[in-house]
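> I am attaching a structure below and will ask some questions about it afterwards.
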Amino acid sequence: MQAEIRKQWEGAAPGWAQWEAAIATWMEPATEIMLSMASVTTGARVLDLACGAGSQTLRAAQLVGAQGHVVASDIAETMLHHVRENARAAGLANVTTLAGAAEDLEVAPESFDAVICRLGLMLFIAPAQALAAVRRALRPGGKVAVVVFTTPAANRFMAEPMQILLRHAGRTPPAPGQPGIFALGMSGVLERLLLDSGFVTIEQRTVAVPLRLPSAGRALAMMQDAFGAYRAVVSDCPEAVRMAAWAEVAETLKSFEAATGFIAPAEVLVVAGVKRA
Ligand SMILES: C[S@@+](CC[C@H](N)C(=O)[O-])C[C@H]1O[C@@H](n2cnc3c(N)ncnc32)[C@H](O)[C@@H]1O
C-alpha cells in the first residue's frame, strides 16, 4: 500500500512543484499559524513531515536561521529533489532531506524541537503510527503542529470534483477512518488522535484559505497536475472515462468563476500539541 502511495505522489510531484508558488500563496495564513503554534523560532531543530516541494520547509528554514536546522521528509524522492533545488536557489544551507513514509520515520530520538505537517497527515494510511514516530522524534516539551482540510461543505471546490471523479471511476468515497482529503477535518477528530498519541495542551484554529486563481481553467489544471489523490482516482480508468470525468469537473469549477477570476471558499484546521515534559 505504501508503494502505491509513493507511486501516486511520484507521479504528481512534477505538477505539485510547478504549482508550488500558487500553493504557497494559497496556504500562507495557515502556514504562518502552523509555524507559530509549533514554536518554530531562531535556532530550532524542525522536522517537516510530508514536505512536498517544500514551500513551508523554506519558510521554517528562514525562521530558524543559521543556528537552526530543518529536515524535510517525504515518501516521494522527486518531491525532495525539488526541496533541495528550492533551498539552494533561496540560499538556505540549513535544510536537509530524508526519504520515506512518515509511519516508518527513523530519526534519532528526541532530536527535534518542533514537527510540522501541512496537508499530509489525513492522507497517511496509519496517522497514529506516524504520530507515535513524531512523539519519539521530539524532545520533551517539543511541539507538533498539523494542517488538514476541514469538511466537504467548507471546501466545495474540492469535495464536488472528488465526488465526480469517484462516480465516473465507479468507486466509493473512503470509509470513515480511511485516508482521504477530509479524513481528519471533522471537529474533534485530530484533537482525539493527538491526545491518544500522547500529546497534551492541544490548541486548534480554523483558518479560511479561499483559493484565488485567474480562471476556472487554471483551477482545473492545478487539480489535474498537482493533486495526487485526485489523479489517483481515475488513473486506471480508460481514456474516455477520464476525459468525461474531468470535463464534468471543469463544468463544476466554472461555478466558482466571477468577473474577477476563480475564487473558491476553502478552510483548514491547524491543530498543535506538546510532548509532555
Ligand atoms: C498534499 S501534499 C502536501 C505537501 C506539502 N506539505 C505542502 O503543503 O505543500 C501531500 C504530501 O504528502 C506526501 N505523503 C503522502 N503519504 C505520505 C506518507 N505516508 N509519508 C510521508 N509523506 C507522504 C506526498 O508525497 C505529498 O508530498
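The values are calculated or read from the model by the stated rules, or taken from the named source; none is laboratory data. Model, not experiment: these values are computed from the prediction. Cβ atoms come from the backbone with ideal geometry, glycine included; neighbour counts cover every protein chain shown.
> Out of segment 99-126, which residues are among the aliphatic types (A, V, I, L, M), without any contact (Cβ under 8 Å) to a residue 60 or more places away in the chain and more than 7 Å from the ligand (Cβ to nearest atom)?
Quick first cut of segment 99-126, residues among the aliphatic types (A, V, I, L, M) only: 99, 101-102, 105, 107-108, 114-116, 119, 121-123, 125-126.
Filter again for without any contact (Cβ under 8 Å) to a residue 60 or more places away in the chain, leaving 99, 102, 105, 108, 126.
Listed by number, the residues that qualify are ALA99, LEU105, ALA108, ALA126.
> Another question, then. When you scan segment 217-230, do you find a residue that is at pLDDT below 95, in contact with a Gly (Cβ under 8 Å, 6 or more places away or on another chain) and aliphatic (A, V, I, L, M), even just one?
yes
> While we're on this one: Tell me which strands (runs of 3 or more DSSP E) are completely within segment 54-155 and hold 2 or more residues being closer than 24 Å to GLY188 by Cβ and β-branched (Val, Ile, Thr), or say none if there are none.
Result: 112-118, 138-149.
> Ok, one more. Could you look through segment 258-274, keep only residues that are over 28 Å from VAL134 (Cα atoms) and assigned to a strand (DSSP E or B), and pick out the one that is nearest to the chain's Cα centre (by Cα)?
ALA264
> Give the residue, chosen from ALA13, ALA30, ALA53, that is within 14 Å of the ligand (Cβ to nearest atom), touching a Ser or Thr at 6+ places or on another chain (Cβ under 7 Å) and within 28 Å of PHE262 (Cα to Cα).
One residue alone meets the criteria, ALA13.
> Exactly one of (1) within 11 Å of the ligand (Cβ to nearest atom); (2) out of contact with any helix residue (DSSP H, G or I) (no Cβ under 9 Å at 6 or more places or on another chain); (3) among the small types (Gly, Ala, Ser) is unmet by SER39. Its number?
(1)
> Out of segment 201-219, which residues are of a type in the set (A, V, I, L, M) and more than 17 Å from the chain's Cα centre (by Cα)?
ILE202, LEU213, ALA216, ALA219
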